[in-house]
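Undergrad: Pasting a structure below so you can have a look.
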Protein chains: 2
Amino acid sequence: MSISSRFSVAIHILCLLAVSKDKATNTSEYIAASVNTNPVVIRKVMSMLKSAGLVHVRAGVAGAELAKELPNITLLDVYKAVNVVAENDLFNSHEHPNPECIVGRNIQQSLTKQFSAAQNAMEQSLAGVTLAEVVEDILESDKMRSLENG
Amino acid sequence: MSISSRFSVAIHILCLLAVSKDKATNTSEYIAASVNTNPVVIRKVMSMLKSAGLVHVRAGVAGAELAKELPNITLLDVYKAVNVVAENDLFNSHEHPNPECIVGRNIQQSLTKQFSAAQNAMEQSLAGVTLAEVVEDILESDKMRSLENG
DNA sequence: TTACCTGTAATCGAATATATTACATGTAAT
DNA sequence: ATTACATGTAATATATTCGATTACAGGTAA
């Protein structure tokens with residue numbers, strides 16, 4: 001299976017907070033309408049983003065806002081905030097291979113090493129992208145769209 | 001969720017074929033005992049490895065053997081053979097964001113780009129490792145184990 | 001023909017993801 | 001203080017997926 005869409009939802013939320021700057025209108029319901037999901041899903045993700053120090057939200061008061069500047073938030077920050085993949089857990093190894101077999105009793109060590117390296121490569125790719133770039137992409141993409149449609 | 005253990009099982013199988021060279025003993029039942037799973041799981045994975053040209057197996061005849069030399073099989077080859085992650089499908093994006101919203105109608109394009117880059121980074125990491133290295137790790141690891149236990 | 005293997009479809013139970021309901025709690029304005 | 005409305009969160013429902021398993025068809029060699 002693939003990595004939970006909670007990650008893409010979180011990115012969406014943060015981009016929306018950056019673009020739609022009127023704090024009070026950014027309620028979970030408003031954001032849910034943009035993402036196309038249930039407001040509770042938004043609140044849950046928002047809660048994780050808050051714990052990670054990426055947004056400011058207060059119980060009872062409408063809206064949320066970014067806690068950092070866009071260039072200072074990487075996709076890796078968001079990924080870790082929403083906890084979609086635990087450490088060394090992108091790849092699932094089969095459990096309890098046979099210790100009577102030379103392969104069985106030694107393979108996990110090697111697999112762990114290689115899987116960890118691969119997961120790290122993926123995460124470092126995310127670390128190289130900031131939300132500023134994603135928002136730029138979005139604005140640029142919309143500009144193109146406008147031109148195409150006259 | 002994480003990537004199916006079918007991948008680690010496939011690596012286990014191939015290493016076992018390399019180490020246990022008596023072809024006739026490498027039945028699905030024997031391999032299953034080393035991996036600690038059901039023989040049908042082994043046959044299914046073996047079938048995928050066969051389709052990818054990594055092993056030779058024949059219906060009705062006991063055993064299997066490698067179709068290539070260890071240094072010529074990368075972890076990426078195995079990963080693709082067992083089809084654990086489809087192209088551009090490591091990350092799951094939320095579907096149908098609101099086209100009325102500037103973020104909603106443009107974010108998928110950017111997400112696809114970044115997710116694809118991250119997935120590619122992970123896969124290229126796997127491409128840099130061959131089964132020869134994994135088997136070396138296993139043999140080396142077992143040697144250490146022997147020394148420790150006198 | 002027998003014994004034993006691989007190939008594969010079908011099914012089961014456990015685990016997980018997302019959506020949703022329900023409600024407790026917090027805040028600000030009147 | 002009360003009202004209106006927001007967030008916080010537990011609990012549940014439904015759909016999907018994974019690995020294990022059963023059952024059986026088909027192949028091969030002695």
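The values are calculated or read from the model by the stated rules, or taken from the named source; none is laboratory data. Keep in mind that what you see is a predicted model, and the values were worked out from it rather than measured. Glycine also receives a Cβ, built like all others from the backbone with ideal geometry; neighbour counts cover every protein chain displayed. The area values use the complete protein model at the heavy-atom level, side chains included, leaving out ligands, DNA and RNA. Shrake-Rupley method; radii C 1.70, N 1.55, O 1.52, S 1.80 Å.
Undergrad: How long are the semi-axes of the ellipsoid equivalent to the protein assembly as shown, from square roots of 5 times the Cα gyration tensor eigenvalues, in whole Å, largest first? List each step's numbers first, then the result.
TA: On the way: eigenvalues 422, 77, 52 Å².
Listed largest to smallest, the semi-axes of the protein assembly as shown are 46, 20, 16 Å.
Undergrad: Let me ask something additional. Using a 10 Å cut-off around each Cβ of peptide A:123-130, what is the average number of partner chain Cβ atoms that fall inside?
TA: For this peptide, the per-residue mean of nearby foreign Cβ atoms is 4.
Undergrad: Relative to 2.2 N^0.38 Å, what does the C-alpha radius of gyration of the stretch A:6-148 come to as a ratio? Two decimals please. Show your work: numbers first, answer last.
TA: Values: Rg = 19.6 Å, N = 143, 2.2 N^0.38 = 14.5 Å.
Cα-based Rg divided by the globular estimate yields 1.35.
Undergrad: Rounded to the nearest 10 Å², what accessible area does A:M1 have for a 1.4 Å probe in the complete protein model?
TA: 140 Å²
Undergrad: Is any helix in chain A, taking whole DSSP H runs, at least 15 angstrom long along its axis by alpha carbon and on average at least 0.0 on the Kyte-Doolittle scale, and which ones?
TA: On the way: long enough: A:6-19 (20 Å, 2.09); A:39-51 (18 Å, 0.71); A:102-127 (38 Å, -0.28); A:131-148 (26 Å, -0.17).
The qualifying helices are A:6-19, A:39-51.
Undergrad: Rank B:V61, B:V45 by accessible area, highest first, at a 1.4 Å probe radius?
TA: On the way: B:V61 55, B:V45 5 Å².
Correct descending sequence by accessible area is B:V61, B:V45.
Undergrad: On to the next question. Taking the full set of protein chains and a 1.4 angstrom probe, give the accessible area of A:C15 in square angstrom, rounded to the nearest 10.
TA: 0 Å²
Undergrad: Only Lys, Arg, Asp and Glu count, each charged at its Cβ (+1, +1, -1, -1), so figure out the dipole size of the stretch B:34-124 about its Cα centre, rounded to 20 debye.
TA: Working: 8 positive and 8 negative charges, 64 e Å.
It comes to approximately 300 debye.
Undergrad: Right, next: Among all the aspartates and glutamates, which ones have a C-alpha under 12 Å from A:K21's C-alpha, if same-chain residues fewer than 8 places away are not counted?
TA: Leaving aside aspartates and glutamates fewer than 8 places away in the same chain, those within reach of A:K21 are A:E65.
Undergrad: OK, next. Which entries of A:K23/A:K68; A:K113/B:K23; A:K113/B:K50; B:K23/B:K68 have Cα-Cα distances beyond 18 Å here? List each step's numbers first, then the result.
TA: Values: A:K23/A:K68 15 Å; A:K113/B:K23 29 Å; A:K113/B:K50 26 Å; B:K23/B:K68 15 Å.
In this structure, A:K113/B:K23; A:K113/B:K50 exceed 18 Å between Cα atoms.
Undergrad: Next question. Hey, what's the protein assembly as shown come to in accessible area per residue, 1.4 Å probe, Å²? Walk me through the numbers on the way to the answer.
TA: Numbers: 14790 Å² over 300 residues.
I get 49 Å² per residue for the protein assembly as shown.
Undergrad: Quick check: Cα centre of the stretch A:79-150 to Cα centre of the stretch A:45-71, how many Å?
TA: 24 Å
Undergrad: Between chains B and A, what is the buried accessible area in Å², counting both sides, with a 1.4 Å probe and ligands, DNA and RNA left out, to the nearest 100? Write out the running numbers ahead of the final one.
TA: Details: alone 9820 and 9800 Å², together 14790 Å².
Buried area (both sides, nearest 100 Å²): 4800 Å².
Undergrad: In addition: Under 18 Å from the Cα of B:K143, which aspartates and glutamates turn up, not counting those fewer than eight places away in the same chain?
TA: A:E100, B:E133
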